[in-house]
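Reading through the structure tokens given below for one structure.
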There are 2 protein chains.
Amino acid sequence: MSLSFRVEKTVGTARRGRLLTPHAEIETPVFMPVGTVASVKAVSQDILEDLGAQIILGNTYHLYLRPGVAGVRRLGGLHGFMSWNRAILTDSGGFQVFSLSQLRKLNEEGVTFRSHLDGSSHFFSPESAMEAQIGLGADIIMAFDECTEYPADQTRVRESMELTARWAARSQKYFEEHKHEVPWTRVGADAFVRPAEPSSPSGPLEPSPEQEQFQAAPDSGLRPSAGTNASVPAWADQTQSLFGIIQGGMDRALRKESAERTREIGFPGYAIGGLSVGEPRGLTREIVESTLEHLPKDKPRYLMGVGTPEEIVEYASLGVDMMDCVLPTRAARHGLLFTSEGKVSIKQLRFAQDQGPLDPNCDCRVCRRYSRAYLRHLYASNEVLAQVLNTIHNLSFYLDTMRRVRHAISLGEESRFLSDIWSRSKS
Amino acid sequence: MSLSFRVEKTVGTARRGRLLTPHAEIETPVFMPVGTVASVKAVSQDILEDLGAQIILGNTYHLYLRPGVAGVRRLGGLHGFMSWNRAILTDSGGFQVFSLSQLRKLNEEGVTFRSHLDGSSHFFSPESAMEAQIGLGADIIMAFDECTEYPADQTRVRESMELTARWAARSQKYFEEHKHEVPWTRVGADAFVRPAEPSSPSGPLEPSPEQEQFQAAPDSGLRPSAGTNASVPAWADQTQSLFGIIQGGMDRALRKESAERTREIGFPGYAIGGLSVGEPRGLTREIVESTLEHLPKDKPRYLMGVGTPEEIVEYASLGVDMMDCVLPTRAARHGLLFTSEGKVSIKQLRFAQDQGPLDPNCDCRVCRRYSRAYLRHLYASNEVLAQVLNTIHNLSFYLDTMRRVRHAISLGEESRFLSDIWSRSKS
């Protein structure tokens with residue numbers, strides 16, 4: 001068993017759960033910071049740990065092009081390469097091939113594309129995308145899919161959805177045949193591995209009795225027990241987990257069919273792809289809500305590539321367990337900061353003499369120490385530290401938001417915060 | 001008394017001392033990281049503290065242009081503005097006016113120059129440079145000097161040195177008349193001040209008996225004592241200290257004359273300026289060595305703008321107490337890293353599969369956690385984290401080098417490390 005998911009509490013459609021992966025236990029709903037090329041831009045791994053990031057995302061397309069999969073595999077996979085001992089998820093590369101690469105040419109077999117870096121020609125198929133993701137060695141990897149563009153007519157959406165379903169089956173077949181080639185077992189005596197932290201669950205959440213029982217289970221095999229040789233991690237004999245992806249554009253019936261076909265293949269988790277591609281937000285929500293109805297309740301549900309702080313709260317309230325988005329990190333680098341009092345464009349002159357913290361309700365290391373005036377100065381002066389501090393705050397805000405969502409679900413309907421979520425999500 | 005310096009141990013010409021400033025106690029010889037516009041580029045203040053930085057440098061020219069002195073003053077000076085509770089030194093702006101600004105025009109009164117940012121016209125005189133530095137509120141500030149270009153003929157060097165001497169007297173006069181305008185006392189109830197750390201001395205050095213006695217002295221006034229109202233820092237009624245600068249080009253006699261004239265005015269510390277401006281390193285060393293002979297032994301001696309790790313060790317062995325240089329931070333951003341095994345250009349392909357730490361003898365947070373392969377990848381991918389991690393390591397290496405120099409001086413001549421210094425400094 002390389003993945004285990006348990007829903008511990010539901011309130012309406014929202015659910016709080018616990019996802020066990022080879023490298024970490026994850027409290028859901030969870031937000032996953034994006035670490036495109038093995039770095040969550042501008043933030044070092046120890047700070048990500050401090051922020052309570054439980055799982056981060058890597059982009060297969062980027063990593064495949066640079067530094068390349070073979071090199072990362074030799075260095076122990078992404079975990080060893082970037083010295084990150086918590087969980088990692090990689091996307092399949094499909095989305096970025098379609099959005100970033102030039103001159104792509106698609107057929108049943110796969111997609112030929114040119115690198116956005118140097119124009120060199122490459123080919124991704126379900127099989128090669130699996131091979132790449134196995135080499136990168138994330139805990140959770142994604143089936144190779146075609147992300148349907150928006151808008152698209154029904155025929156196009158159906159054809160694309162059906163191609164994704166066939167690719168999902170091929171992805172799974174290749175994965176099952178090769179899943180033991182994961183690079184973790186190569187992290188041995190010759191590898192550069194230094195203990196960065198005890199592999200305990202992160203964050204300020206109190207451990208539930210279930211959690212403690214879970215951890216203590218002698219045969220779970222997910223953590224090194226006291227009697228084990230510490231140099232052989234318990235995950236060394238585990239594999240990755242492959243998630244399927246639902247497509248079907250903005251058509252409820254095609255989404256339903258995609259969900260059914262993907263469930264028929266059978267995966268330990270399901271993602272909703274092809275949203276947040278330009279459609280109005282009301283439509284996104286409608287498709288998310290209707291697609292979720294067709295996904296199994298006992299498996300993790302991952303909504304790819306969303307969203308704003310309000311949106312991630314809303315989707316969590318609908319029953320989404322996992323989300324990722326470049327918004328907090330990318331916006332930070334452009335001086336757009338998320339706070340409990342709304343968005344702040346820190347570049348504005350009106351902050352030049354503002355001695356207050358960025359967000360008076362935030363306890364992150366940036367808000368505890370620096371003033372808006374200083375952050376504004378760093379941004380205006382194009383200092384690297386602006387990118388660092390802004391990103392730390394935005395990630396802290398996102399991760400804290402999900403922490404509050406999880407807490408609200410635990411408290412049940414009486415929680416004012418949760419009813420705020422409901423009212424917001426219904427407006 | 002706003003500055004106190006005590007030499008605690010001498011070995012040959014080298015000396016280990018203790019410099020008390022309003023905001024921090026500093027172990028000398030000390031290397032001061034450069035924080036040009038109120039940020040040591042790419043490194044946050046808490047990490048600087050972890051690295052054991054005791055004092056950092058700010059550039060008056062840059063800060064004057066952006067964000068401006070008045071704003072920094074209103075926010076409590078540099079300490080409050082950047083949330084740095086240890087010591088700060090500002091240069092006078094002179095060096096950068098001469099090296100960075102356009103269309104500068106100098107006369108007895110001062111220098112008119114155009115901003116390198118927007119071409120706007122400004123005027124610096126000894127008086128206005130003091131005014132700016134008082135507004136910035138560093139613990140140690142510098143007299144306004146003319147940095148003589150290299151090469152220059154003897155007449156030019158003499159005239160320049162004499163101008164610097166006259167400007168030193170004017171700097172001191174203005175400072176004495178205005179030194180109580182320091183912005184620290186404005187850091188009151190309305191200011192954004194959050195305690196970042198206890199104001200204790202930093203670094204892994206064991207406190208000497210002298211130090212403990214020093215700290216315990218009831219009337220030193222340098223630290224809040226237990227009985228004091230904690231909201232009124234003990235330094236609130238102290239002033240800055242103004243250092244004089246020796247010029248005189250590469251002429252020993254003119255350096256001697258400059259030292260004598262500057263001592264005649266009388267300062268609590270003396271800097272050697274106008275070196276490392278393009279002259280051969282042997283000549284730098286010769287001028288440093290001969291100039292030091294004319295400086296008082298009981299006052300701190302600051303060599304401005306040097307150097308490589310080898311050079312800072314060498315100058316410390318000659319009896320220099322304070323140094324600053326952009327080299328560790330600037331080189332880091334260009335992928336040039338200093339290690340115990342020599343310089344490493346991390347961009348090189350040969351590190352792409354190197355699983356070892358950057359410096360096996362370094363205990364910094366970068367070398368403890370990341371491989372050369374990862375650092376090489378971050379640099380090659382132009383990731384912001386490359387600048388962050390490279391800078392942390394280089395600063396760690398510099399600060400650690402000075403820590404070892406201080407330790408070697410404490411141990412006296414028996415220390416092998418110290419004899420290494422002697423042999424290197426004599427070669």
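So is residue B:399 touching a strand residue (DSSP E or B) at 6+ places or on another chain (Cβ under 7 Å), hydrophobic (A, V, I, L, M, F, W, C), surrounded by fewer than 21 Cβ atoms within 10 Å (Cβ to Cβ) and more than 14 Å from every other protein chain (Cβ to nearest Cβ) or not? Spelling it out, it is not the case that residue B:399 is touching a strand residue (DSSP E or B) at 6+ places or on another chain (Cβ under 7 Å), hydrophobic (A, V, I, L, M, F, W, C), surrounded by fewer than 21 Cβ atoms within 10 Å (Cβ to Cβ) and more than 14 Å from every other protein chain (Cβ to nearest Cβ).
When you check residue A:37 against the structure, is it facing chain B (nearest Cβ under 10 Å), open to solvent by less than 30 Å² (accessible area, probe 1.4 Å) and within 15 Å of the chain's Cα centre (by Cα), yes or no? For residue A:37, the condition - facing chain B (nearest Cβ under 10 Å), open to solvent by less than 30 Å² (accessible area, probe 1.4 Å) and within 15 Å of the chain's Cα centre (by Cα) - is met.
If you filter segment B:52-69 down to residues that are among the aliphatic types (A, V, I, L, M) and more than 11 Å from chain A (Cβ to nearest Cβ), you find that the one that is nearest to residue B:89 (Cα to Cα) is B:57. Evaluating residue B:200 against the criteria (1) in contact with a helix residue (DSSP H, G or I) (Cβ under 6 Å, 6 or more places away or on another chain); (2) part of a loop (DSSP other than H, G, I, E, B); (3) at pLDDT below 95 leaves one unmet condition, (1). How many residues are under 13 Å from residue B:183 (Cβ atoms) and free of Cβ contacts under 8 Å to residues at least 40 places away in the same chain if we restrict to segment B:61-106? Residues in segment B:61-106 being under 13 Å from residue B:183 (Cβ atoms) and free of Cβ contacts under 8 Å to residues at least 40 places away in the same chain: 1 in total. Residues that are surrounded by 24 or more Cβ atoms within 10 Å (Cβ to Cβ) and of a type in the set (D, E, K, R) occur at least once in segment B:374-394. Just one of the listed residues (B:131, B:159) is out of contact with any helix residue (DSSP H, G or I) (no Cβ under 6 Å at 6 or more places or on another chain), in contact (Cβ under 8 Å) with a residue 60 or more places away in the chain and either open to solvent by less than 10 Å² (accessible area, probe 1.4 Å) or not hydrophobic (A, V, I, L, M, F, W, C) (or both), and it is B:131. Within segment B:240-257, being under 20 Å from residue B:149 (Cβ atoms), out of contact with any Phe, Trp or Tyr (no Cβ under 8 Å at 6 or more places or on another chain) and either open to solvent by 10 Å² or more (accessible area, probe 1.4 Å) or in a helix (DSSP H, G or I) (or both) holds for B:251, B:252, B:253, B:254, B:255, B:257. Restricting segment B:40-51 to residues that are farther than 20 Å from residue B:331 by Cβ and more than 9 Å from every other protein chain (Cβ to nearest Cβ), the residue that is most open to solvent (accessible area, probe 1.4 Å) is B:50.
In segment A:349-361, the qualifying residues are those that are buried (at least 18 other Cβ atoms within 10 Å of the Cβ) and either more than 13 Å from every other protein chain (Cβ to nearest Cβ) or among the charged types (D, E, K, R) (or both), and the one that is farthest from residue A:394 (Cα to Cα) is A:354. The C-beta contact set for segment A:267-293 (first residue under 19 Å from residue A:327 (Cα atoms) and free of Cβ contacts under 8 Å to residues at least 12 places away in the same chain, second residue open to solvent by 10 Å² or more (accessible area, probe 1.4 Å) and assigned to a helix (DSSP H, G or I), distance under 7 angstrom, 6+ apart or interchain) is empty. Checking each residue of segment B:148-163 against the condition of being outside any helix (DSSP H, G or I) and within 22 Å of the chain's Cα centre (by Cα) gives at least one match. In summary, residue A:346 fulfils each of the numbered conditions (1) crowded, with 23+ Cβ neighbours inside 10 Å; (2) within 11 Å of another protein chain (Cβ to nearest Cβ) with the single exception of condition (2).
The values are calculated or read from the model by the stated rules, or taken from the named source; none is laboratory data. Nothing here was measured: the structure is a model prediction, and the numbers come from that model. For neighbour counting, all protein chains shown are included, and Cβ atoms are generated from backbone atoms with ideal geometry for every residue, glycine included. Remember, those area values only see protein heavy atoms, side chains included, never the ligands or the DNA or RNA. Shrake-Rupley method; radii C 1.70, N 1.55, O 1.52, S 1.80 Å.
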